[in-house]
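Structure, as structure tokens:
The values are calculated or read from the model by the stated rules, or taken from the named source; none is laboratory data. This structure is a prediction, so every number in the text was calculated from the model and none was measured. For neighbour counting, all protein chains shown are included, and Cβ atoms are generated from backbone atoms with ideal geometry for every residue, glycine included. Ligands, DNA and RNA are stripped out before the accessible areas are found, and what is left, the full protein with its side chains, is counted by its heavy atoms. Shrake-Rupley method; radii C 1.70, N 1.55, O 1.52, S 1.80 Å.
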Amino acid sequence: MRTLVEASALAPNYHPLPVTLATGEGSWVTDTEGRRYLDLLAGYSALNFGHRHPALVAAAHAQVDRLTLTSRAFDHDLLEPFARALVGLVGPLLAGTSHLVLPMNTGAEAVETAIKASRKWGYEVRGMPADRATIIVADGNFHGRTTTIVSFSSDPDARRGFGPFTPGFVTVPYGDTAALAAAIDETTVAVLLEPVQGEQGVVVPPSEYLPGVRALCDDAGVLLIADEIQSGLGRAGATLACERFDVQPDLVTLGKALGGGILPVSAVVGRSDVLEVLTAGTHGSTFGGNPLACAVGLAVVDLLTPGTLQARARTLGEHVGHRLAELMDDGLLTGLRTVGLWAGLDIAPSVPGGPATGRELCERLLARGVLAKDTHGGTIRLAPPLTIDPADLDRALDHLTTALTTP
């Protein structure tokens, strides 16, 4: 257990649970003292396939022995195959008939790329006056932590002390199509949304919301950008969470699970007529689309192509939903939201013997050998690997039930 936080050489921008992990396999991790834990966070969906999935580890090992980095000054033999494979997986779920991939590294980089592409598209294709383009975003969003992205965050902790902020963003309530319709004007080039707001506590919008957003974007001739960095690649019980709402975005940002929990890999996938405005010299990344990233990314696409993991997430998610609904019925939770194998739980702090905060609940779970993460005070999120054994999942839910009433 980590006890000497004050002796750390790390900047204090995280407040982790007091555990130091050393090894991982599948849904299990082991700390430096040899104690095992079930991982119900899965790296915020970066570990959708569990720790050290054999196919992903094999792909990484094989590529490390060949070539790891070229920079984009040169092509390499996996760059085009990766792009074609990702278009094959995601392209049919997007608007338009022709699609391109722009590979990056982190999720925030993918979002920044989508912002730049949509603005440039607005100027070069839509003919907007220079420096006038605006993008509509949703209250409660989480798209990353760069200075541009925190400029349109509604989280005070994400913004405090980081101004001045980047202009060009209009915030509307999440789930409110009327507010969105009122916000669209002649300067709007895009609407940027999470189909499910993960950091906010797995907030699932009303079923009619995303179709309504799509219709408004079509009527106004603006782009719909779906941030699927947490919700995509199987987490929501589909390749993209947008599928669950029968909506096709123009651009989608992917990350986290695209790197298989091995290295950071992200991408923007979308309409060719939008992404082709980013020509040589206008955008780039030394490590974006590197050979090692492409090798792992190709293996990730291979895992998702049959659709079995997505179906598994739906099935296991339904089971989790039923079990958590029982906790709601018993008054141990005040709120519950689920989609696929992803859940947000709001604790009931008035329960005798129950935890007062989400952090306290996570500490109780840690003591019982289960890893989870709190957010926004009284909420915790559950996002186990899609490969988790059903018996292990039930074991973790049993511990959750106990931890809600017993210190």
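Taking the Cα centre of the chain as reference, the dipole from Cβ charges on Lys and Arg (+1) and Asp and Glu (-1) amounts to some 600 debye.
Between the helical axis of 79-90 and the longest alpha-carbon principal axis of the chain there is an angle of about 70 degrees. Extension gain, residue 10-residue 74: 0.36 nm per intervening residue step, less the Cα-Cα distance, totals 19.5 nm.
GNM on the chain, alpha-carbon springs under 10 angstrom: the most fluctuating residue among 250, 157, 389 is 157. Using a probe of 1.4 angstrom, how much of the accessible area of the stretch 271-407 is carbon and sulfur, in percent? Carbon and sulfur atoms account for 54 percent of the accessible area of the stretch 271-407. Per residue, the stretch 1-64 exposes an accessible area of 58 Å² to a 1.4 Å probe, with every protein chain left in place. Summed over qualifying helices (DSSP H, 4 residues or more, each -39500 (n - 2.57)) and divided by its residue number, the chain shows a 222 nm mean residue ellipticity of -10000 deg cm²/dmol. Ranked by the mean number of other Cβ atoms within 10 Å of their residues, highest first, the peptides 55-61, 365-371 come out as 365-371, 55-61. Hydrodynamic estimate: the Kirkwood radius of the stretch 223-328 over Cα pairs, inserted into Stokes-Einstein at 25 °C and 0.890 mPa s, corresponds to D of 159 µm²/s. Rg over Rh for the stretch 30-178 works out to 1.03, using Cα positions for both radii and the Kirkwood form for Rh. Using θ = phi - 60° in the Karplus curve 6.51 cos²θ - 1.76 cosθ + 1.60, the 3J(HN,Hα) couplings for the stretch 191-199 round to 10, 10, 9, 8, x, 9, 7, x, 4 Hz; x is entered for Gly and Pro.
Using a probe radius of 1.4 angstrom, the carbon and sulfur fraction of the accessible surface of the stretch 132-189 is 54%.
Rounded to the nearest 10 degrees, the angle from helix 107-124 to the longest Cα principal axis of the chain is 20 degrees.
The lysines whose alpha-carbon is closer than 27 Å to the alpha-carbon of residue 373, local same-chain residues fewer than 8 away aside, are 256. With a Förster radius of 35 Å applied to the beta-carbon distance between residue 25 and residue 66, the computed FRET efficiency rounds to 0.85. Once the chain from residue 139 to residue 334 is taken as fully extended at 0.36 nm per residue, the excess over their C-alpha distance is 68.0 nm. Which stretch or stretches of the stretch 287-325 have amide N atoms under 17 Å from the point lying 7 Å from residue 398's Cα along the Cα→Cβ direction? Correct set: 320, 323-324. Measuring r between the beta carbons of residue 322 and residue 36 and using R0 = 25 Å, the FRET efficiency lands at 0.40.
Using the Cβ-Cβ distance between residue 162 and residue 124 with R0 set to 35 Å, the FRET efficiency works out to roughly 0.70. For the stretch 181-332, the solvent-accessible area with a 1.4 angstrom probe is 33 square angstrom per residue. Once the chymotrypsin sites (Phe, Trp or Tyr not before Pro) in DSSP loops with at most 10 neighbouring Cβ atoms within 10 Å are cut out of the chain, the longest remaining piece is 75-407. Take 347-357, 393-403, 188-198 and order them by the average number of nearby Cβ atoms within 10 Å per residue, most first; the result is 188-198, 393-403, 347-357. The largest-to-smallest principal axis extents of the Cα set in the stretch 163-224 are 34, 30, 17 Å. Between residue 311 and residue 179, the simple spin-label model (points 7 angstrom out along Cα→Cβ) gives 3.9 nm.
With the highest mean first, a sort of the peptides 277-284, 261-268 on other beta-carbon atoms found within 10 angstrom per residue produces 261-268, 277-284. So for the stretch 179-266, Kirkwood radius off the Cα pairs, Stokes-Einstein at 10 °C and 1.306 mPa s: how many µm² s⁻¹? Result for D is 117 µm²/s.
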